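Report on the following structure.
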Amino acid sequence: QLQASGGGLVQPGGSLRLSCATSGSIFSRNAMSWYRQAPGKQRELVAVIVGGGGTNYGASVKGRFTISRDNAKNTVYLHMNNLQPEDTAVYYCNSVGPAGNYWGQGTEVTVSS
């Protein structure tokens, strides 16, 4: 139900954009979020965006990451700037709301020189 993409290898200080596409019936009714899980750590919330456009961010990414949504494409994006090695993780797209609770397959981000 959720198709995440855009991960890869990037040098410290670099940028990446993750995408998560879903169906219109889910996108229009649910909040959309990004989580991440680093090796040996618990999954943590990175950012969330609701239908009205309101956003919230995890403390460690605030000011560097931006979540946005394209209602015409039923897609949510995570724009990641000034990436650091501690941002290395598998990033998961999540959607929760009246249309149900869904997880994407995860996309790996590695920040390394």
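Quick rundown of the values:
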item: Around residue 95: net Lys/Arg minus Asp/Glu count, Cβ-Cβ under 12 Å; result: +2
item: Exposure ranking of 16, 78 by accessible area [1.4 Å probe, largest first]; result: 16, 78
item: Alpha-carbon centroid distance for the pair segment 1-49 / segment 63-92, whole angstrom; result: 6 Å
item: Protection proxy ranking, peptides 21-28, 52-59, average beta carbon neighbours within 10 Å, highest first; result: 21-28, 52-59
item: 222 nm mean residue ellipticity, helices alone, for the chain (DSSP H n ≥ 4; -39,500 (n - 2.57); rounded to 500); result: -500 deg cm²/dmol
item: Relative contact order computed over the chain (Cα-Cα under 8 Å; 6+ residues apart), in percent; result: 38 percent
item: Probe 1.4 Å, accessible area per residue of the chain, Å²; result: 50 Å²
item: Gyration tensor verdict on the chain (Cα atoms; rounded if a/c is under 1.5, prolate if a/b is larger than b/c, oblate otherwise); result: prolate
item: Segment 9-58, relative contact order [Cα under 8 Å, separation at least 6], %; result: 25 percent
item: Assigned charges on the beta-carbon of Lys, Arg, Asp, Glu; segment 7-113 dipole about Cα centre (debye); result: 180 debye
item: Rounded percent of accessible protein surface that carbon and sulfur make up, the chain, 1.4 Å probe; result: 47 percent
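The values are calculated or read from the model by the stated rules, or taken from the named source; none is laboratory data. Being a predicted model, the structure only gives us computed values, none of them experimental. Here the Cβ is made from the backbone with ideal geometry for all residues, glycine too, and neighbour counts use every protein chain on show. Side chains are part of the model used for accessible areas, which takes the heavy atoms of the whole protein and leaves out ligands, DNA and RNA. Shrake-Rupley method; radii C 1.70, N 1.55, O 1.52, S 1.80 Å.
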